[in-house]
1. Let me know the charge dipole size of the chain about its Cα centre in debye, to the nearest 20, where only the beta-carbon of Lys, Arg (+1) and Asp, Glu (-1) is charged.
2. Could you work out the pair-distance distribution P(r) of region 47-113 from its alpha-carbon pairs, with 10 angstrom bin width and percents rounded to whole numbers?
3. Would you grab the residues whose amide H sits under 5 Å from the one on Gly132? Only those 5+ places off in sequence or on another chain, please, with H modelled 1.01 Å from N.
4. Which value in deg cm²/dmol, rounded to the nearest 500, describes the helix-derived mean residue ellipticity at 222 nm for the chain, given -39,500 (n - 2.57) per DSSP H run of n ≥ 4 and division by the residue count?
5. Dimensions of region 91-181 along principal axes (Cα, Å, largest first)?
6. How do the peptides 139-150, 239-250 rank, highest first, by the average count of neighbouring beta carbon atoms within 10 Å per residue?
7. Could you give the length gained on full extension between Asp100 and Gln236, defined as 0.36 nm per residue of separation minus the Cα-Cα distance, in nm?
8. For region 52-207, taking Cα atoms only, what is the radius of gyration to one decimal and the Dmax to the nearest whole Å?
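No lab work stands behind these numbers, since they all come straight from the coordinates. This is a predicted model, so every value here is computed, not measured. Here the Cβ is made from the backbone with ideal geometry for all residues, glycine too, and neighbour counts use every protein chain on show.
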Amino acid sequence: MIRSARDLSGKVVAVTGGARGIGKAIATALAEAGALVAIGDIDIPAGEEHSGAAFAAKLDVSSADSFKEFLDVVEARLGPLDILINNAGIMPTGLIDEIDPRAAERAVQINLIGVMHGTREAIQRMKPRGHGHILNMSSLTANLAGAGVAAYAASKAGVLIFCQAAAIELHGTGIDISVVQPSLVKTELVNGIAVGKGAPACGPADVAERVVSILRRPQFQAFVPRAVAPLAVLNQAVPSRVRTWFARVSGSDRLIEEMDLGARVGYDERLRRIVDRT
């Protein structure tokens with residue numbers, strides 16, 4: 001039996017990292033679907049329209065207190081939280097023995113600990129009501145890592161396993177949890193990286209479209225684009241030497257060597273500001 005699609009009109013949605021990139025595209029798509037959208041971001045551009053969102057507020061997802069305060073404001077202004085999109089993330093690059101350790105730590109704090117903070121806060125609000133949906137953003141790199149993004153890949157793999165555990169805990173509560181794993185998405189986060197190496201790339205609108213479809217018809221795990229799903233599963237099933245061979249053939253072992261550092265200047269400068277806030 002096929003369940004009818006959920007109507008998102010009037011649903012209260014909070015989107016972290018919603019001021020730009022994937023988060024902005026998701027916020028726009030949900031607002032167009034009739035949802036009441038609140039954006040939380042550590043760096044909100046002044047004087048900018050925010051994708052049809054009801055409002056935008058400062059949020060440091062790595063702080064449990066900041067996350068609680070943000071969702072308190074969301075519920076005070078829009079009503080009880082129906083949907084949380086844990087999208088905020090950063091991607092520092094560098095070989096394991098060369099990367100700034102503060103940047104690696106910050107990636108884990110934002111990409112993984114932030115998801116844990118948000119999921120916990122949302123569950124505490126949704127469980128007494130018996131309904132809600134939490135959607136957490138992982139990455140194809142959780143299954144298919146490349147050189148120079150080890151900290152990022154590790155944080156996103158953590159998100160995937162965390163969601164698997166959460167799904168077990170949430171069974172029977174009325175709360176849905178989903179994890180979305182995009183391939184390289186054409187945003188400022190991947191500036192300078194040879195997009196398309198080893199796996200098909202996609203755009204923010206592609207991710208947003210898939211997110212909306214999952215919120216309408218819940219499923220646990222989704223890849224964007226769909227075509228990368230077999231590759232992700234196969235990469236985890238084969239021996240390590242085969243993964244190494246594929247990295248060499250696809251060029252994912254040379255991501256750092258072939259990176260256009262000039263194209264990453266803007267993103268890296270913003271990333272330094274985020275890291276310096278620790």
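1. Details: 30 positive and 29 negative charges, 160 e Å.
Dipole magnitude for the chain comes out near 760 debye.
2. Cα pair-distance distribution for region 47-113, in percent: 17, 40, 27, 13, 3.
3. Amide H neighbours of Gly132, under 5 Å, 5+ apart: Asp176.
4. Values: 9 runs with 114 residues, N = 278.
Result for the chain, helices only: -13000 deg cm²/dmol.
5. 47, 23, 14
6. Working: 139-150: 22.7, 239-250: 12.6.
Listed from highest to lowest mean packing, they are 139-150, 239-250.
7. Working: separation 136, 0.36 × 136 = 48.96 nm, distance 2.83 nm.
Roughly 46.1 nm would be gained on extension.
8. 16.2, 48
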